[in-house]
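Here, each number is a calculation from the coordinates, and none is a lab measurement. Please read these numbers as outputs of a predicted model, since none were measured by experiment. As a convention, Cβ positions derive from the backbone with ideal geometry for all residues, glycine included, and neighbour counts pool all protein chains shown.
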Amino acid sequence: MLKTKNSRWLAAPYLVWMVTFIVVPLLIVIWYALTPSQTSAINAAAAADAATAPTVVFTLENLTQIGRYTGVFARSLILAAEATAICLVLAFPVGYALSRLRANKQHIMLMLVMLPMWMNFLLRTYAWMSLLENNGLINRLLGFFGLGPFQLINTSGAVVLGMVYNYLPYMILPLYTAMTKIDNSIIEAAQDLGCNLRRTVTRVLIPLSSSGIATGITMVFVPSVSTFIISRMLGGGSNLLIGDLIELQFLGNAYNLNLGSAMSLVLMVIVLLCMSFTSSFDEESMEGVM
């Protein structure tokens, strides 16, 4: 019993860290989201008597104003979903191929998958800018064949491409980890029982790797829906995402901390709903397998 109590005290530094850097900032965001902006507060104080004016006023005005940006929220969700789906389609065969290699080759191939992540995120995005611009390398290469130039940059396709390139390793690694636990004898047994490639994938590989799929979807969708560097550099001003709006409220000319906090709060709710959906999907798949 004494040992259990001592082990609980070992978690005290983590609890202090969590309260200081997670709980307190979250409470500050909620406070700003539910309180009026400075301009609204000054106008309300001027209209009311000083003696009867409340010290703290909570309002839903910031949350209701988000309705004006429904199109931006929808675009962010759609582009993030497209990037996540493409990453899943590309990463599934790659993760399976890596899991079937010998141990020494797996380490080499994993290093190659992780190699782009060793470079700064901003530099990787700048590199795609130089490739996709009107006088970039891709349009010049197409020009030798009499094609183009095409409008590749400042489009929604360029934003999705940037998301896929930057976040694809986050989908490959969970799938690879899950597929390494699948024994070859299970796949051989499915093939011996008459399963073709499609049925082997849908009836064996996908259910047994559902935990990796759920983790990969979460790790790709969450940063994709909240990104702002990729959309700003590859999408131009016509492809604003949620992250761009939030940045404008905190660092841009708008500078409305209350509205930015409300947007952050709504984005957090959306992310939590998506994570709960993927986790429930994972649990249902595992129950079906068992």
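For region 105-193, the set of trypsin sites (Lys or Arg not before Pro) satisfying both a DSSP loop assignment and a count of at most 15 other C-beta atoms within 10 Å is given as K181. Ranked for footprinting exposure by Cβ neighbours inside 10 Å, fewest first, S224, S238, S210 give S238, S210, S224.
Taking the beta-carbon count within 10 Å as an exposure proxy, list C195, C274 from fewest neighbours to most. Can you show the working numbers first?
Numbers: C195 16, C274 19.
Going from least to most buried by this count: C195, C274.
Take the chain, connect every pair of alpha-carbon atoms lying under 10 Å apart with a spring to form a Gaussian network, then pick out the residue of V266, V225, V57 with the largest mean-square fluctuation. Result for the chain, Cα springs under 10 Å: V57 fluctuates most. Among the listed values [x] 6, 23, 21, 18, 13, 8, 7, 3, 0; [y] 6, 24, 25, 24, 16, 4, 0; [z] 6, 19, 24, 24, 17, 7, 3, 1, 0, the one computed from these coordinates for P(r) over Cα pairs in 10 Å bins from 0, in percent is [z]. The Cα center of region 167-212 and the Cα center of region 63-129 differ in position by 20 Å. Just checking the listed ones, T180, T227, T202: in the Gaussian network model of the chain with Cα springs under 10 Å, the one fluctuating most is T202. Springs between Cα atoms under 10 Å define the GNM used for the chain, and in it the highest mean-square fluctuation of L110, L259, L241 occurs at L110.
Stretched out fully, how many nm does the piece from M111 to V271 gain, at 0.36 nm a residue minus the Cα gap?
That works out to 54.6 nm of additional length.
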